[in-house]
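Undergrad: The structure's right below; bear with me while I get my questions together.
Taken together, the values in this text are just the output of simple stated rules run on the coordinates, not laboratory data. In this text, all values refer to a predicted model and were calculated from it rather than measured experimentally. Positions of Cβ are backbone-derived with ideal geometry, glycine not excepted, and every protein chain shown enters the neighbour counts.
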Amino acid sequence: MSQSNSILWSFDVDGKNFDSAGFASQSTKFKLRQLGLNGDIIKRVAIAMYEGEINMVIHAEGGVANVEVDEDKIIITLTDTGKGIADIEQAMREGFSTATEEIRDLGFGAGMGLPNMKKNSDELIIDSAVGKGTKVTMIFAI
Amino acid sequence: METDKSYCAVKIDKDKCKGCINCMKKCPTEAIRVRNGKATINYDRCVGCGECIRTCTHNAKYATSDSLDLMNDFKYTVALVPPSLLGQFPNVIDPSVISNSMKNIGFDDFYEVARGADLVSALTRKKFEECDRQKPLISTACPVCVELILIRFNDLKDYLIDIMPPLEIAAKIARKRAMKATGLASEDIGVFFISPCPAKVASTHRGFYTENPGVDGVFAMSDICLKLMHISQAEVDITRPIVASNLGVAWATSGGEVSALDGRVLAADGIENVISVLKELESGKLKDIDYVELNACPGGCVGGVFTIENPFVAKSKIHTIRRTSLYNKKNTVDKIEHLDEYLRSLDWETDDVFVLDKDFKKAFVKLRQVEQLLPQLPQLDCGVCGSPSCRAFAEDVVNGIVTIDKCVRQTEENGIDDDLIKKETE
Ligand SMILES: Nc1ncnc2c1ncn2[C@@H]1O[C@H](COP(=O)(O)OP(=O)(O)OP(=O)(O)O)[C@@H](O)[C@H]1O
Ligand code: SF4
Ligand SMILES: [Mg+2]
């Protein structure tokens, strides 16, 4: 299926607003339900996208979430211009986190986000440069 | 009672409807559209919250309930009295007067729904001791909130507590007690609920309560209050004492249900607030909360559309009753055995009423069209088109329910490019 046949939508993820964090994944979830997709894939997309969205808020001062759906897959791209990830392998480890004490007090920083994104997606690609930003791509087969 | 899955308690009087868009804008599930100058309800989406009835200034929205004549079909009748009824009479402080007055208006006996609530609290406290339970547990007492979860937040259905709601427990006990007292068969006994809301009429008819036979009919609280107006306090014989506790009666108002529980609890009232809490829950926040109380009506059941008293006045009245008449009444149900018969298995059916098309390929095309059309719409969410938001309008256009020229934008120079819709549908 060609590019132009996919469904596209996107969100600006506000890095200063913890309250609105989760909006992109919630709206996406609702749209996927409108497609009548089965509950399992919707749940996986919502969990993984929520983690990615939160990461952009707490580690990168926000960014853009793009969703592309075609008839056999869902591609989620989260792009930010934040501080970047120095060692991706290390960041992927369960329990690894650079979150500050303040962030931990808010209930984040268990170092489980990226592992969860890996577990829930069929493919996870992280592209990051220190000082430039991070691009996380997740693919889910329908 | 025969169950009818499509029963809906909210109706529109087309003659009175002026086609304003107030109700449509208030509907939490976007169930209302205004077409050809009249509001219409998509009953698959209606959760019976009554918001449209509250907003309509033309009295074009009304709620149905069962006729009091239904009582004549039974040899013996029991009124299930909800705690919210106690708040409807500013000058009557004694709850036993109100409950016993049921016999003055044709019922043979009464049973307190607040007692059912006491049992739910006792069972919930027991659940709190189980270590591997779901967190949080969500109350099932308000049928609107349950329906809302089933159609809009269906991931949360597994959190609904597996205990019968107070009404169902009360109905079960009331019937058993009446059978024992009279020797009559179950079918000769009519158990009727005096409801603060249309939602409980609808949920009863739809078969929401699994205990069968449960409630035989649901009367509007306003109808009952009208009859009670003609009864003076002196005429009421107190033949049966009140058994519900102070805490059971508290369920009439928001925050009352959780006041009987320890642990971390949360109470939300008013449909918008309920939705905001459900959104938090859905995105996985609130994991350390033990119990969530949800009431669709502002202030709790005292805010139901069948109540006659101002919810704040009713709340104050219930507060007084709890502090005076019921002050020393402790919830004694913890000692009751066989509590387990009020547990119920979770077999909630979810319903995807927001799917654009049952066929995935068609739904896919429709969602793409919606996403393409939406940026061209003015994003005013003005409702002039008869759909509650620009997004809902785009969905309606794509579903062929309305034509694109209904959007205000069409009257301006730069109209909408509707080719994309035409192209795709051809
Ligand atoms: N978008 C990002 N920009 C910069 N650094 C990031 C980004 N996403 C993740 N990281 C880094 O990777 C680490 C691990 O991320 P992960 O999501 O697994 O855990 P966390 O966000 O620290 O905690 P949790 O997700 O459990 O709340 C983060 O602590 C952070 O250092
Ligand atoms: S809050 Fe009470 S009165 Fe209102 S809809 Fe729910 S159950 Fe009915
Ligand atoms: Mg994270």
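Undergrad: How crowded by other chains is B:355-361, given as the mean number of beta carbons from other chains within 10 Å of each beta carbon? Don't skip to the answer; put the middle values down first.
TA: Values: counts 5, 5, 3, 1, 1, 5, 1.
Counting other chains' Cβ atoms within 10 Å and averaging over B:355-361 gives 3.
Undergrad: Which residue fluctuates most in the GNM of chain B (Cα springs below 10 Å): B:Gly304, B:Gly37, B:Gly116?
TA: Ranking B:Gly304, B:Gly37, B:Gly116 by mean-square fluctuation puts B:Gly37 first.
Undergrad: I'd like the distance separating the alpha-carbon centroids of region A:70-100 and region B:353-404, in whole Å.
TA: First find each Cα centre; the distance between them is then 33 Å.
Undergrad: Related question: Any idea what Rg and Dmax come out to for region B:73-150 if you just take the C-alpha atoms, in Å?
TA: 16.9, 49
Undergrad: Just want the ordering: B:Val313, A:Val13, from fewest to most Cβ atoms lying within 10 Å of their own Cβ. Present the calculation step by step, with values, prior to reporting the outcome.
TA: Numbers: B:Val313 13, A:Val13 27.
Result, fewest neighbours first: B:Val313, A:Val13.
Undergrad: So if I take the centroid of the Cα atoms in region B:268-303 and the same for region A:17-65, what is the distance between those two points in Å?
TA: If you average the Cα positions of each part, the centres end up 21 Å apart.
Undergrad: Right, another one. Which residues' amide hydrogens lie under 5 Å from the amide hydrogen of B:Ala141, considering only partners 5 or more residues apart or on another chain, with H built in the peptide plane?
TA: For B:Ala141, no residues qualify.
Undergrad: At a Cα cut-off below 16 Å, give the aspartates and glutamates reachable from B:Lys38, other chains included and same-chain residues fewer than 8 away excluded.
TA: The reachable aspartates and glutamates, counting only those whose Cα sits under 16 Å from B:Lys38, are B:Asp13, B:Asp15, B:Glu30.
Undergrad: Can you give the FRET efficiency for B:Cys131 and B:Cys382, using 1/(1 + (r/R0)^6), R0 = 45 Å, r = Cβ-Cβ distance, to the nearest 0.05? Walk me through the intermediate numbers first.
TA: Details: r = 52 Å, r/R0 = 1.16.
Efficiency, rounded to the nearest 0.05: 0.30.
Undergrad: Give the whole-number value, in cubic angstrom per residue, of the convex hull volume spanned by the C-alpha atoms of region B:68-342.
TA: Values: hull volume 33.5 nm³, N = 275.
Convex hull volume per residue, Cα atoms: 122 Å³.
Undergrad: Per-residue ellipticity at 222 nm for chain B, helices alone: DSSP H runs ≥ 4 residues times -39500 (n - 2.57), over residue total, nearest 500 deg cm²/dmol?
TA: Dividing the helical sum by the residues of chain B leaves -9500 deg cm²/dmol.
Undergrad: Which of B:Val81, B:Val274, B:Val236 comes first, and how do the rest follow, when ranked by fewest Cβ neighbours within 10 Å? Let's see the in-between values first.
TA: On the way: B:Val81 28, B:Val274 24, B:Val236 20.
In order of increasing Cβ crowding within 10 Å: B:Val236, B:Val274, B:Val81.
Undergrad: Further question on the same structure: Which residue fluctuates the most in chain A, going by a Gaussian network model with Cα springs under 10 Å, if the choices are A:Ala129, A:Ala60, A:Ala86?
TA: Result: A:Ala86 has the largest fluctuation of those listed.
Undergrad: Something else: Tell me which residues come under 5 Å, amide H to amide H, from A:Ser128 once H is placed; ignore anything under 5 positions away on its chain.
TA: A:Lys135
Undergrad: Answer rounded, prolate or oblate for region A:1-137, using the Cα gyration tensor with square roots of eigenvalues a ≥ b ≥ c: rounded when a/c is under 1.5, else prolate when a/b is larger than b/c, else oblate.
TA: Values: a/c = 1.69, a/b = 1.59, b/c = 1.06.
Note, shape of region A:1-137 comes out prolate.
Undergrad: Using Cβ counts within 10 Å as a stand-in for footprinting exposure, how do B:Lys358, A:Lys118, B:Lys172 rank, fewest first? Don't skip to the end; give the middle numbers.
TA: Working: B:Lys358 9, A:Lys118 16, B:Lys172 22.
Result, fewest neighbours first: B:Lys358, A:Lys118, B:Lys172.
Undergrad: Name the residue, out of B:Ile275, B:Ile151, B:Ile173, whose mean-square fluctuation peaks in a Gaussian network model built on chain B with Cα pairs under 10 Å.
TA: B:Ile173
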